[in-house]
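Written out below as structure tokens is the structure these notes cover.
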Amino acid sequence: MSNRGIWTKSSYSQANPDGNCVEVAVCARTVRIRDSKRISGRILAVPSAAWAEFIAKVGERP
């Protein structure tokens, strides 16, 4: 896994007519998140374990 990751657009972006969505890049120790409309803007980086926990919790919602 690289230190830079490959940016992937959210699968939900297709259903959004405004195109507002996020992109994520999975890296060696972090997951990076950015606004797809502002790719040169700020990037939020979180530890991979925290991202995995977040995704698991989102999947549990009713």
Residues satisfying the stated conditions in region 20-53, i.e. over 16 Å from G5 (Cα atoms) and at pLDDT below 90: N20, C21, K37, R38
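Specify the residue that is nearest to the chain's Cα centre (by Cα); the eligible residues are those in region 16-62 that are part of a loop (DSSP other than H, G, I, E, B) and among the small types (G, A, S).
The residue in question is S36.
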Whichever residue in region 4-15 is at pLDDT below 90 and not in a strand (DSSP E or B) and, among such residues, is nearest to the chain's Cα centre (by Cα): S10
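The values are calculated or read from the model by the stated rules, or taken from the named source; none is laboratory data. Just so you know, these numbers come straight off a predicted model, no measurement behind them.
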